[in-house]
1. Quick one: of Lys2/Lys133; Lys152/Lys201; Lys141/Lys197; Lys133/Lys179; Lys141/Lys201, which pairs are farther than 19 Å apart, Cα to Cα?
2. Check each of the trypsin sites (Lys or Arg not before Pro) in segment 115-161 and keep only those in coil by DSSP with at most 16 other C-beta atoms within 10 angstrom; list them in order.
3. Between (1) 30, 26, 18; (2) 28, 22, 21; (3) 34, 22, 18, which entry matches semi-axes √(5λ) of the Cα gyration tensor in Å as derived from the coordinates of this structure?
4. Cα centroid distance between segment 14-32 and segment 195-254, in Å?
5. Once the dipole of segment 213-302 is set up with Lys and Arg at +1 and Asp and Glu at -1 on Cβ about the Cα centre, which of His253, Ser229, Ala274 lies farthest towards its positive end?
6. As an exercise, use a Förster radius of 51 Å and the Cβ-Cβ distance of Glu117 and Asp234 to find the FRET efficiency, rounded to the nearest 0.05.
7. GluC sites (Glu not before Pro) within segment 69-124: which are DSSP loop residues with at most 15 other Cβ atoms inside 10 Å?
8. Could you point to the residue in Ile67, Asn44, Thr169 farthest towards the positive end of segment 2-177's charge dipole, with +1 and -1 charges on the Cβ of Lys/Arg and Asp/Glu respectively?
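What follows draws every value from the coordinates through simple rules; no lab data is involved. The model shown is predicted, which means the values in this text are computed figures rather than measured ones. Cβ coordinates were reconstructed from backbone atoms using ideal geometry, including for glycine residues, and neighbour counts include every protein chain displayed.
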Amino acid sequence: MKRFEIVPNFSEGRRQEVIDALCDCYRDEPGSLLLDYEFDQDHNRCVLTAVGTKEALIEATLRACRIAMREIDLNRHEGGHPRMGALDVLPFLPLEDATMEDAVEAAHALGQRMWDELQIPVYYYEEASIGPKRLLPQIRKGNFEGLREAVKTDASRRPDVGGPDLHPTFGASVLGARKPLVAFNVYLRTLDLDIAKAIAKSVRESSGGLRNVRAIAIDTTAQGTVQVSMNLVDVEETPIYRAFDFVAAEAAHHGVSVSHAEIVGLVPLAAMLAVATRSLRLQGFHEQQVLEVRLAREGRSE
């Protein structure tokens with residue numbers, strides 16, 4: 001059976017009843033399993049992780065989009081995280097017997113139905129791109145407000161499906177197919193957002209920092225800190241510990257220290273084993289030494 005992981009990001013992180021309703025779409029759909037959800041009031045965003053068949057995940061997402069259309073108006077939405085849609089971004093990740101080509105097909109199928117049934121314009125990114133590969137920051141440049149104006153005069157900024165204008169309250173969604181990424185946030189012992197911005201610029205790949213790292217600064221001063229928020233899009237090439245060490249070193253350069261860090265959503269086991277191996281200076285350690293991994297393998301062999 002071909003199954004996929006999806007990570008829908010909705011532009012709502014403050015109203016628990018709306019978040020619960022979105023989660024229920026993936027809980028209640030046969031063939032879909034909600035694995036995790038996290039939300040943040042400063043970002044004003046919730047990130048869900050679900051697995052299932054293509055058909056189940058598409059149906060669950062269409063139900064969630066109907067709720068988002070009713071409950072989320074980007075004209076009144078405020079938060080620290082960039083966004084251009086009520087359902088801002090949703091990637092398909094192939095699991096088990098599924099291929100990346102299957103994930104692309106699933107993203108395109110969902111995008112067409114979002115337009116046909118709900119009149120939500122859709123863009124495609126990463127492996128699902130139409131034509132040259134496009135990255136999420138390229139598409140989302142200017143956020144909802146800037147993109148809403150750009151599509152009126154720049155044909156290259158218009159949606160891949162639907163449009164040419166954005167939905168007046170929902171905006172537009174970005175769907176894609178990709179490998180797993182790790183959403184990794186580092187908090188600094190300072191209230192100076194300019195320091196977080198400088199560190200984010202230093203660490204992000206597009207500014208000459210670490211490969212496969214995208215980073216922005218988030219104002220979390222209500223928590224007594226500021227945040228460097230990163231997407232690590234290939235943790236095999238740029239591990240979590242390397243991004244953390246880089247941010248910690250840059251923070252020290254600015255005369256501040258790291259308060260704590262967090263991972264948003266799920267993370268591959270191999271990525272965490274790499275952190276443990278590095279931190280403990282282990283030699284020859286491998287995942288089959290993890291009790292739960294070994295038990296799971298033995299259980300499958302019965």
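1. Result: Lys2/Lys133; Lys152/Lys201 exceed 19 Å.
2. Passing both the DSSP loop test and the Cβ count: Lys133, Lys141, Lys152.
3. Looking at semi-axes √(5λ) of the Cα gyration tensor in Å for this model, the match is (1).
4. 31 Å
5. Of the candidates, Ala274 comes out farthest on the positive side.
6. The pair Glu117/Asp234 has a calculated efficiency of 0.90.
7. Glu78
8. Result: Thr169, furthest along the dipole toward the positive end.
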